[in-house]
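The values are calculated or read from the model by the stated rules, or taken from the named source; none is laboratory data. Quantities reported herein were computed from a predicted structural model and do not represent experimental measurements. Glycine also receives a Cβ, built like all others from the backbone with ideal geometry; neighbour counts cover every protein chain displayed. Note: accessible area is taken over every heavy atom of the protein model, side chains too, but ligands, DNA and RNA are not part of it. Shrake-Rupley method; radii C 1.70, N 1.55, O 1.52, S 1.80 Å.
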Amino acid sequence: MRAGVIKAYILKELTELFRTRLIIMVYLMPSMILLLFGYGIRMEVTHARIVILDYDQSHYSQILTSKFEDSIYFDPTVMKIEESKALHLIKQAKADMILIIPSSFEKRLIHGQKTEIGLFVDAAFPTRATTMESYVQGVIFQASTEVGEGKLPKGMITLNSRNLFNQAMRDENAMVPGLIGLVLLVAPAILSALLIVKEKEKGTIFNFYASPIRKHEFIIAKLTPAFLLHSLNIFILFLWATYLFEVPFRGSFALYWFAGEIYILISLGIGMLISIITRSQIAAVVLTVIVTLLPGFLYSGIILPISAMDHESYIMAHLFPVMYYNHILYDTFLIGEGLDSPTNQLYLGILLLYAFILLMLGTLFLKKELR
Amino acid sequence: MFDLELKNVTVHYKDIVAINNASLEAKHGEIIGFIGADGAGKSSLMHAIAGVGRFKGEIIYEGTDYHSPKEAERIKENIGLMPQGIGLVLYETLTVGEHLEFFAAIRNLKKNNDFFTYKNKLLQMAGLLHFVDREAGKLSGGMMQKLSLICTLLHRPKLLILDEPTTGVDPLSRMELWEILDDIRSSEGTIILVSTAYMQEAAKMDKILLFDEGEIIAGGSSPELIDSVRKYTYEEVSCDNDKVCFSFDKRSYALYPLAAKYAEPTLDALFFVNALQKKHTLPTMEIGERQSTVTIPKVVMEAKALTKQFGDFVANDHIDMQLQSAQIVGLLGANGAGKTTFIKMLLGLYPIDEGELYLLGKPILSGNDRRELKAQIGYVSQHFALYKEMTVRENLLYFARMHAIGTETALRRIEKYASALGYLQYMDALPGELPLGINQRFSITAALLHEPVILFLDEPTSGVDTIARAQFWQILEMLKVKWGISILITTHYMSEAEYCDRVVLLKEGVKVADEYVDELYRQHPHAKNFEEIFLEYYQ
């Protein structure tokens, strides 16, 4: 290892990054993805237009109705129309849901009999429909505890588990940490994918092939600038998350930082491997996006919790590093167990192993010869 | 005892043999030249020696033998490689000074007085002393090549491998590059392996290796090689029909005695004689009469002060030119001189920024003016515009249909050209499988199917082997004589000016010469060849 050689290469890389304006991408892309997705993807539904047909007109049914009126998630209208006419409102897109309280609602509850509340949901957007449905369940559950003073039998209504650590039901809390895991997988990978293939495309790779520079010196020289520049993104993204999206941070910052650095190494390692096997910049970028963005999104736990996955998707999720990192991320942001949790310890170890293997593979596959 | 020895080196890529069983010996202080067409195996052999490509066989440098790139690591301290391509190893956004810093650092050089003196000497020799702060991307092609060379020389390599350092570079820069090499060879005792596409440069080499289709067909000093073919070279005569012979550029070549006086051969002769010895058929090509009748005006193309600008950069600066009927005009210049831009303006592929253009006597003001003339213009682009997924026949039929020629007429003409130009056996092959020379011949067919009056050819001969180039010029000459066609052809081979009627020389977007060929010789009585004439314009 000759420090002078590596230093010269690093200096050259940095000069090029600044003069080719690639540096803008290094800092613009991660923040842009976070802001676009953070604001763009809304699982949360507010002001859902719910039409309530109260056939009971009792004390209990009014308690239930008032619960909907108090909630910011619903804009209820109590109507006295026929069911078929109400359904027509959904077709006309004037309402999102119809809640039907049957005429014997109060009487049956008092007698300890089960009662059924009818709910029609506009399921044109299935995710939105599921969300709205779960909100309604939540409101009914709340109302039922109040109505029966805790004496009503449980088990009739269950809450969706994804809201467990998100009591405020804030979408940002569920989304933003997951997005950090996505961004830090995609952005460094794209940069490092360009680094080697760029020289292959241009021809400057000959300077490496034909000189006595060692393979690991070359890799260190290539990855160090990318690593240092992207490390800053760990902090930038943290600030966006906590100040702009107001996500709470309950865990240890040191763990967040350390795991982030390891994760960037993994991402750089993926990009570097792609850079080694491809011949053109365009192929390298497309391949990197496919290999990082899709799994980063699908198996990050943003869309679906890993625990809710089954069979193939469960195995797939465990193959990609994003799951392990996101587990630690969610912990540091929302739970705060830190390294006390054995799962976190294990996952941090797995991430370290990933980084090590990827960098080793890079040195193994990199050849100082034309292909 | 030799300092560099190659024993039966073979390089192949999958099934294709790039160079077969090459052997050579060299001593310190020698310049060894590799001469041959693109794809003849020069680069592959250079990569093997430089330890950047896999090979079979053995290479020994100063007692260290290696058989793979990995083993070659041991001698990389001593090697300097400058691969093919203008400015290929340079980083566009780094300045000249930063390049030298970088190359010094990756070679782990000590920055002592000796280093700085040597660095300044190199900068001085390359004429870059005043451009230390300029970014490499903003240098001219010649300056880029000189910078690449001094970056390669910075660690004082004892084995210098240069792959076509002068191709596409202006004559003055080429001369300067050779001066640097000559200086380094004597002051440092370096072995220099250099490949070139220019035969004229052969005189500067101690030993020449001729490459043809993956083999070294001859080796020796320039006079030795020329002597070896002296007995086969005659003044031009018509050949005996049943025996094989080949005529080109005022000379005829045959393996049996011809009834003519002997002539002084050039290095090109080696390729012709080699082809004759290998019994390669060198088909005599015949172009039939034009099928349509046309009246051709005296002046077919006239450009007045044509100008093209890309931002601040003036690619063509007020260029006047005239193309008369039945005339071959060569548009010459180094890479980036503005040759292609000019042709593209004539064709309407680039809008004209300033100036007037007349084609076949008509002023060209809009696209409509061109549309009627399209049927009378043929064009072959720099990278032959062929469809790789279609066979030769399908390609040609497609071009015929574009010109609204009936299928029957088209097939008849295609068949006729294919046999006349000697590629009938390749009609059902894909262009990618064929040598460049064959592709070039059927590209010109595509441009001739509609029997045009003017033909524009953009660098049709670069990378094509000597024989194919000779045959190509024979075709052009026939077209001129039989069809009365006018041809504007661009090339960076200054020697090809010899085959033109008139030449126009461009330098950095400006016309510096526009003269009949014999007139040029009259004006420069001391010049031995065109290289020397053009050098005067550049100085």
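Tabulated data
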| quantity | calculated |
| --- | --- |
| Mean accessible surface per residue for the stretch B:222-277, computed with a 1.4 Å probe while every protein chain stays in place, in Å² | 54 |
| Kirkwood estimate for chain A, i.e. one over the average of 1/r between Cα atoms, Å | 23.8 |
| Kirkwood Rh in Å, taken over all unlike Cα pairs in chain B | 25.1 |
| Ellipsoid equivalent to the protein assembly as shown - semi-axes via the Cα gyration tensor, in Å | 71, 37, 24 |
| Whole-angstrom gap from the stretch B:145-167 to the stretch A:93-119, using each part's C-alpha centre | 87 |
| Residues of the stretch B:132-154 with amide N under 14 Å of a point placed 7 Å along Cα→Cβ from B:ASP183 | B:146-147, B:149-151, B:153-154 |
| Too-long pairs where the Cα-Cα distance tops 22 Å, listed order kept, from A:LYS7/B:LYS146; B:LYS76/B:LYS111; A:LYS202/B:LYS507; B:LYS204/B:LYS278 | A:LYS7/B:LYS146; A:LYS202/B:LYS507; B:LYS204/B:LYS278 |
| Karplus-derived 3J(HN,Hα), 6.51/-1.76/1.60, for each residue of the stretch B:468-480, Hz, glycine and proline x | 4, 5, 4, 5, 4, 5, 4, 4, 4, 4, 4, 4, 5 |
| Kirkwood Rh, Cα atoms: Rg over Rh of the stretch B:379-462 | 0.92 |
| For the stretch A:240-370, convex hull volume per residue from C-alpha positions, Å³ | 131 |
| Cut-off under 5 Å, modelled amide H: who pairs with A:ILE52 long-range | A:THR77, A:VAL78, A:MET79, A:LEU99 |
| D_trans [Stokes-Einstein, Kirkwood Rh over alpha-carbon pairs] for the stretch B:431-539, 10 °C, 1.306 mPa s, µm² s⁻¹ | 104 |
| Inter-label distance for A:HIS311 and A:PHE356, nm, one decimal - labels placed 7 Å from Cα along Cα-to-Cβ | 3.5 |
| Rounded to 5, percent antiparallel among DSSP beta bridges of the stretch B:299-538 | 55 |
| Complex-versus-alone comparison for the stretch A:200-229, residues with a loss of 50 Å² or more in accessible area, probe 1.4 Å | A:LYS202, A:PHE206, A:ASN207, A:ALA210, A:PRO212 |
| J(HN,Hα) series, the stretch A:75-81, from Karplus relation 6.51 cos²θ - 1.76 cosθ + 1.60, nearest Hz, glycine and proline x | 10, x, 10, 8, 10, 10, 9 |
| Cut-off under 5 Å, modelled amide H: who pairs with B:LEU94 long-range | B:ALA136, B:GLY137 |
| Whole-angstrom gap from the stretch B:390-417 to the stretch B:99-118, using each part's C-alpha centre | 60 |
| Computed log₁₀ I(q)/I(0) - Debye formula, equal Cα scatterers, no solvent, the stretch B:222-277, q 0.14, 0.25, 0.31 Å⁻¹ | -0.29, -0.95, -1.44 |
| Label-point separation, B:TYR387 to B:LEU347 (7 Å along Cα→Cβ), nm | 1.8 |
| Accessible area expressed per residue, the stretch B:4-220, with surrounding protein chains retained (probe 1.4 Å, Å²) | 37 |
| Estimated vicinal HN-Hα couplings, Hz - the stretch A:187-199 in sequence order (Karplus 6.51, -1.76, 1.60; Gly, Pro = x) | 4, x, 5, 5, 4, 6, 5, 6, 4, 8, 5, 4, 6 |
| Area buried, chain B against chain A - accessible surface, total, 1.4 angstrom probe, square angstrom | 2400 |
| Whole-number percent relative contact order across chain B, with pairs defined as alpha carbons under 8 Å at least 6 apart | 14 |
| Using a Förster distance of 22 Å, the FRET efficiency for A:GLN137-A:ASP75 (Cβ separation, nearest 0.05) | 0.75 |
| Anchor B:LYS231: aspartates and glutamates whose Cα lies under 13 Å away (excluding residues fewer than 8 positions away in-chain) | B:GLU264 |
| Share of carbon and sulfur in the accessible heavy-atom surface of the protein assembly as shown [1.4 Å probe, %] | 57 |
| When the stretch B:4-220 is reduced to its Cα atoms, the Kirkwood hydrodynamic radius in Å | 17.6 |
| Calculated FRET efficiency for the pair B:SER221/B:GLU77, C-beta based, R₀ 25 Å, to 0.05 | 0.25 |
| Cα-projected label distance for A:ALA124 with B:THR64, points at 7 Å along beta-carbon direction, nm | 7.4 |
| Euclidean distance of C-alpha centroids, the stretch B:308-366 and the stretch A:234-277, integer Å | 56 |
| Residue-averaged 222 nm ellipticity for chain B, from DSSP H runs of 4+ at -39500 (n - 2.57), nearest 500 | -9500 deg cm²/dmol |
| FRET efficiency estimate (nearest 0.05) - Cβ-Cβ, A:ALA3 to B:VAL132, R0 30 angstrom | 0.70 |
| Eligible lysines near B:LYS374 by straight Cα distance, threshold 16 Å, same-chain separation 8 or greater | B:LYS344, B:LYS362 |
| Where the stretch B:355-429 is the region considered: accessible area per residue in Å², 1.4 Å probe | 58 |
| Potential extension, B:MET402-B:ASP15 segment - 0.36 nm per residue separation minus Cα distance | 135.6 nm |
| If the convex hull is drawn through the Cα atoms of the stretch B:299-538, its volume per residue in Å³ | 126 |
| GluC sites (Glu not before Pro) restricted to the stretch A:233-315 and DSSP loop, no more than 13 other C-beta within 10 Å | A:GLU246 |
| Reduction of at least 10 Å² in accessible surface, 1.4 Å probe, comparing all protein chains with the chain by itself, residues of the stretch B:99-123 | B:PHE102, B:PHE103, B:ALA105, B:ILE106, B:ARG107, B:ASN108 |
